[in-house]
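Just below is one structure, and these are the notes that go with it.
Please treat every number below as a calculation from the coordinates, not as lab data. Since this is a predicted model, take the numbers as computed values, not measurements. FYI the Cβ positions are ideal-geometry reconstructions off the backbone, even for glycines, and counts take in every protein chain you see.
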Amino acid sequence: MFVFIGCCLTKRPPVFKLCHRALYLTAGGNLANHRISNYENYFNKAAKRTRAPVLRSLQKYMATDLVYLAGGIPNSDTFPIAAAQLRLKDGQTVHIDEADMKVALQYGATRGKLQLREWLTELQRRLHDPPTLPPPGVSPSANSDMITITANGCTEAFSKILGMVLEEGDSLLAEESTYPSVFNVTEPLGCKPAIVKNDADGLIPSDLSNVLCSWNEAASGPRPKLLYCVPNGANPTGANLSLERRKEIYALARKYDLLIIEDDPYHMIQYSRPLLPSLLSMDVDGRVLRCDTVSKIMSAGARLGYVSGPKQFLDRIVDLKEGVSGGGSALVETIMLKVFQNMGHDGYIEHGCRVANFYHQRSQLASRTAEKHLKGLAEWSAPQAGMFLWMKLLGVEDSRHVCQKLIQKGAVVVQGHIFCPASVNSPYIRVSFSYASEADLNKTFSWLAEILKEQSEQ
């Protein structure tokens, strides 16, 4: 356990620095030839048919001396916004001048604004030091070389990945309690969850191994080729995967040739420092597709996320987006880039420390308040990151009716069954402590205690 007290600004963040060579040898690999060379076998039929749209491919000529008459681009002289100033909470002002605003008001690049992608790539280098990321100044060339593209939050990022890999009848490996939006994507695709047990320390590698080694294709369909996990502050459990479990999971991914979606919106708000190393930091093969977002520490309304992973895979996502939805908001990306440049990478990491401290204090308040009202009526583990308490209601088979009674009293929490891919009854509830006041927490937990005591007396 690493105690987190305050924030220490350094040129490089206080993360675990792993020896990739040692990690790889531990996993039983051959350093001479370990990279995935081709991702075609992971793509589904629709992804294999995806091609870069011709209209979008002509945009490469926009920045040249050629007379560009190919784009359906509105004349920015007709737009009413000329420039902008942003006042930050520390008193500084960030300016977007007329030249930058003119660009920001146009359609955005599908991959994301170049300067923003470069800034985010350097952030990934500082936070994770990915083995597949080319050295500074060297362009990605191999299929497995890491690149970064922007997305409309983590949800769009992982939904695009799922849509590129899964076919009807496939199974997605996921924890028995996990973020439910992932199944809003897989269910319409005709895909099933392959459930892996978890506990207060996250996904259990031994159960993942059992699921994979005992897989029966005749009964269950093709062996899964994709694992979805939230390694830090898991939603809803609040658990962080230990370093040892991360190593074991990555070794299993190599053994069974899995791709991993590392959905990590709470990475910067782990309550302890050093930050636990990401799966991306261990990825010597190019099998991790990491989804990040600025929603939790900068702006939820910006809807700015980014994906880091193998060049060939992300290039195919770009082709798909260009043909259907295009890029994200150039205006949002310009605003966020200006703020990032003002903060610098060290400032961003320092801000993440402050946000983590904030949520740690709130988690302690929520736990203390729950202890006061619900001792003997519910059980929970102290969250290690994020903004949720995952509480098991004792003597309750399914929490739905309890949640309905709590609404009648005046408070809303989330019933646990919606986080269970198998759609089973669940005695759990998820309580968010991100913005509730101490008074609101006291009222909610006292009402919940009343309901549970009434139920036990019936």
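As a footprinting exposure proxy, order 390, 447, 380 by other Cβ within 10 Å, with the fewest listed first. Intermediate values should be presented prior to the final figure.
On the way: 390 24, 447 17, 380 21.
By the 10 Å Cβ count, ascending: 447, 380, 390.
Inter-label distance, residue 418 to residue 88: 3.6 nm, where each label sits 7 Å from its Cα along the C-beta direction.
Scanning the chain for helices, which whole DSSP H stretches are 27 Å or more long along the axis (Cα) and average -1.0 or more by Kyte-Doolittle? TM-like helix candidates: 330-374, 438-457. Between the beta carbons of residue 214 and residue 379, assuming R0 = 30 Å, the FRET efficiency works out to 0.50 to the nearest 0.05. Between residue 102 and residue 242, the simple spin-label model (points 7 angstrom out along Cα→Cβ) gives 5.9 nm.
Rounded to the nearest 20, the Cβ-based charge dipole of the chain about its Cα centre (Lys and Arg +1, Asp and Glu -1) stands at 460 debye. If the chain linking residue 200 and residue 404 were pulled fully straight, counting 0.36 nm for each residue of separation and taking away their Cα-Cα distance, it would gain 70.8 nm. Here the calculated FRET efficiency for residue 78 and residue 341, from their Cβ-Cβ distance with R0 = 41 Å, stands at 0.90, rounded to the nearest 0.05.
On a C-alpha basis, how far is the centre of the range 393-451 from the centre of the range 138-208 in Å? Whole number, if you could? Their Cα centres are 27 Å away from one another.
Selection among 58, 243, 298 by position relative to the dipole of the range 20-344 gives 58 as farthest towards the positive end (Cβ unit charges, Cα centre). Once the Cβ-Cβ distance of residue 58 and residue 442 is raised to the sixth power relative to R0 = 60 Å, the FRET efficiency obtained is 0.45.
Here's the picture: charge each Lys and Arg Cβ at +1 and each Asp and Glu Cβ at -1 in the chain, and of 373, 138, 402 the one pushed furthest to the positive end of that dipole is 138. Measuring between their Cα centroids, the range 65-81 and the range 343-379 lie 48 Å from each other.
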